[in-house]
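Asks: If you scroll down you'll find the structure; I have some questions about it.
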Amino acid sequence: MVAKAKKVAYFAHLEEALNSYARACIVDFDFVGSKQVSDIRVALRGKAELIHGKNTMIRKCIRDMVAREEEPREDWESIVNVMRGNLGFIFTNGDINEVIEVLEEYVKPAAAKAGVIAPASCTIPKGPTGLDPAQTSFFQALNIATKINKGSIEIINDCEVIKVGNKVGTSEAALLTKLGVKPFEYGLRLVYIYEGGIFSPDVLKITDADLAAKFAEGVGFVAALSLGVGILTEASLSSVILGGFKNVCALALEADFIEFPQVEKIKEFVDDPEAWCAKYGGGGGGGDGSGGSGGGSSGGGGEAGAA
């Protein structure tokens with residue numbers, strides 16, 4: 001009865017959180033101690049709420065919530081698909097980056113344990129270890145070259161004991177414990193972002209500048225396509241106007257109709273490029289001055305840009 005009551009209370013708590021909070025971090029609790037989790041709860045107080053439990057219970061709770069809803073809740077259903085492993089929630093209505101800052105602050109070093117997949121490589125630097133000669137067997141088991149210097153074991157060369165992605169062996173774990181080395185760091189690891197659906201944490205790295213650059217790139221593709229097929233769009237309008245102005249300038253030069261400032265400057269350049277450069281500080285169209293229409297077209301583009 002007590003277990004059932006706790007289960008009902010947990011379901012009610014999770015349901016309330018899903019209805020009350022706009023977003024959440026879904027984090028991995030592997031290798032995180034209860035004291036570390038407690039410290040994170042305290043640090044998040046007033047900013048967010050941490051909820052952790054068996055993923056089977058979480059999936060059951062969310063499925064029951066979806067079944068009770070009259071309309072489909074794809075946002076909740078997306079959570080069910082990713083709840084695999086030792087995962088939990090950190091719910092918040094505030095800035096999710098503040099939650100991530102707390103998680104990064106509470107990352108603690110940890111000793112290597114046998115059988116664990118190494119999240120990082122570990123290299124023991126050469127030099128004295130402080131261990132007495134009776135403990136050379138730990139180094140011999142890993143084929144680490146050593147020598148005795150002033151009554152202690154000294155490592156001759158730097159040695160990579162653990163490689164990232166490999167399983168930590170008993171000998172490696174024992175040696176690192178003897179040396180007092182804690183090669184790994186563990187904390188609540190951000191796995192997914194929930195906000196109306198499930199997203200990768202990489203979306204948080206997208207800046208306004210990235211969005212503006214992607215938008216500009218897309219507009220460029222639309223403009224190129226519009227010009228290629230000869231259909232006028234808002235994206236290609238500026239290029240069409242610029243091309244038309246170049247043609248007007250070229251026609252005006254050919255007809256010697258120098259009646260507006262842009263054509264006057266192009267005419268000056270065509271007649272005497274060196275004087276034009278001295279007057280306006282360099283730049284302008286290319287060519288050797290031959291072919292009034294060609295020079296006018298190039299220079300007209302520059303003047304249209306300036307206009």
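The values are calculated or read from the model by the stated rules, or taken from the named source; none is laboratory data. Because the structure is predicted, anything quoted here is derived from the model rather than measured. Heads up, the Cβs are rebuilt from the backbone with ideal geometry, glycines too, and the neighbour counts pull from every protein chain shown. Quick note on the areas: whole protein, heavy atoms, side chains included, nothing else; ligands and nucleic acids left out. Shrake-Rupley method; radii C 1.70, N 1.55, O 1.52, S 1.80 Å.
Asks: What is the residue count in segment 38-81 for residues that are outside any loop (DSSP other than H, G, I, E, B), open to solvent by 20 Å² or more (accessible area, probe 1.4 Å) and not hydroxyl-bearing (Ser, Thr, Tyr)?
Replies: Narrowing segment 38-81 to residues outside any loop (DSSP other than H, G, I, E, B): 38-44, 49-52, 55-68, 74-81.
If we keep only those that are open to solvent by 20 Å² or more (accessible area, probe 1.4 Å) as well, we get 38-39, 41-43, 49, 52, 55-57, 59-60, 63-64, 66-68, 74-75, 77-78, 81.
Still in the running and not hydroxyl-bearing (Ser, Thr, Tyr): 39, 41-43, 49, 52, 55, 57, 59-60, 63-64, 66-68, 74-75, 77, 81.
Residues flagged as outside any loop (DSSP other than H, G, I, E, B), open to solvent by 20 Å² or more (accessible area, probe 1.4 Å) and not hydroxyl-bearing (Ser, Thr, Tyr) within segment 38-81 amount to 19.
Asks: Which residues, taken from segment 233-249, are open to solvent by less than 70 Å² (accessible area, probe 1.4 Å) and not aliphatic (A, V, I, L, M)?
Replies: Selection gives THR233, SER236, SER239, GLY243, GLY244, PHE245, LYS246, CYS249.
Asks: For segment 130-145, state whether one or more residues are at pLDDT below 90, part of a strand (DSSP E or B) and open to solvent by 40 Å² or more (accessible area, probe 1.4 Å). Write out each step before concluding.
Replies: First, pick out the residues of segment 130-145 that are at pLDDT below 90: 130-145.
Then drop every residue that is not part of a strand (DSSP E or B), which leaves none.
No, every residue in segment 130-145 fails to be at pLDDT below 90, part of a strand (DSSP E or B) and open to solvent by 40 Å² or more (accessible area, probe 1.4 Å).
Asks: So, ILE241, is that one outside any loop (DSSP other than H, G, I, E, B) and either touching a Phe, Trp or Tyr at 6+ places or on another chain (Cβ under 6 Å) or modelled with pLDDT under 85 (or both) or not?
Replies: Numbers: outside any loop (DSSP other than H, G, I, E, B): yes; either touching a Phe, Trp or Tyr at 6+ places or on another chain (Cβ under 6 Å) or modelled with pLDDT under 85 (or both): no.
For ILE241, the condition - outside any loop (DSSP other than H, G, I, E, B) and either touching a Phe, Trp or Tyr at 6+ places or on another chain (Cβ under 6 Å) or modelled with pLDDT under 85 (or both) - is not met.
Asks: Here are some conditions: (1) in a loop (DSSP other than H, G, I, E, B); (2) without any contact (Cβ under 8 Å) to a residue 12 or more places away in the chain; (3) under 21 Å from PRO119 (Cβ atoms). ASP30 meets all but one. Which one does it not meet?
Replies: (2) is the only condition that ASP30 fails.
Asks: OK, next. Of the residues in segment 271-283, how many are at pLDDT below 75 and either touching a Leu at 6+ places or on another chain (Cβ under 6 Å) or open to solvent by 60 Å² or more (accessible area, probe 1.4 Å) (or both)? Quick ask: steps written out before the conclusion?
Replies: Of all residues in segment 271-283, those at pLDDT below 75 come to 281-283.
Filter once more, so that each one left must be either touching a Leu at 6+ places or on another chain (Cβ under 6 Å) or open to solvent by 60 Å² or more (accessible area, probe 1.4 Å) (or both): 281.
Count: 1.
Asks: So which residues in segment 82-102 are open to solvent by 70 Å² or more (accessible area, probe 1.4 Å), over 13 Å from ARG59 (Cα atoms) and not in a helix (DSSP H, G or I)?
Replies: Result: ASN93, ASP95.
Asks: Another question, then. Looking at segment 62-96, which of the residues that are charged (D, E, K, R) and in contact (Cβ under 8 Å) with a residue 24 or more places away in the chain is farthest from LYS205 (Cα to Cα)?
Replies: The initial filter retains those residues of segment 62-96 that are charged (D, E, K, R), namely 63-64, 68-71, 73-75, 77, 84, 95.
From the residues that got through so far, the ones that are in contact (Cβ under 8 Å) with a residue 24 or more places away in the chain too are 64, 74-75, 84.
Values: ASP64: 34, GLU74: 25, ASP75: 22, ARG84: 25 Å.
Result: ASP64.
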